[in-house]
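Beneath this line is the structure, given in structure tokens, with notes to follow.
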């Protein structure tokens, strides 16, 4: 079995706060107000909680459904499209999907 992906960040001051299910103050507002630092900090929280859930036991850790954090990826794509710089790196958040790295590479 391969090891779980890591959550890495280049966001200054981004850290995990609270417990799963809690909301970082201003996390949702960070996206709506285009506040990159708050958004990236909330994204770190979401990816950390995703990792905790999908690595909680051996059965989940081997489940391919947990390899990509689809919810955080979707919101990060919207933020990226809206001009918010995504400063979080994670194997749960494939950068080629986030940045549309394959767009136009294949004919449909």
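A few comments on the model shown:
- Global geometry of region 37-108, whether rounded, prolate or oblate, following the gyration tensor of its Cα atoms and the 1.5 cut on a/c: oblate
- The value of relative contact order for region 47-108, using C-alpha pairs under 8 Å at least six residues apart, is 28 percent.
Bear in mind these aren't lab numbers, they're just calculated from the coordinates by the rules spelled out. All values reported here derive from a predicted model rather than from experimental measurement.
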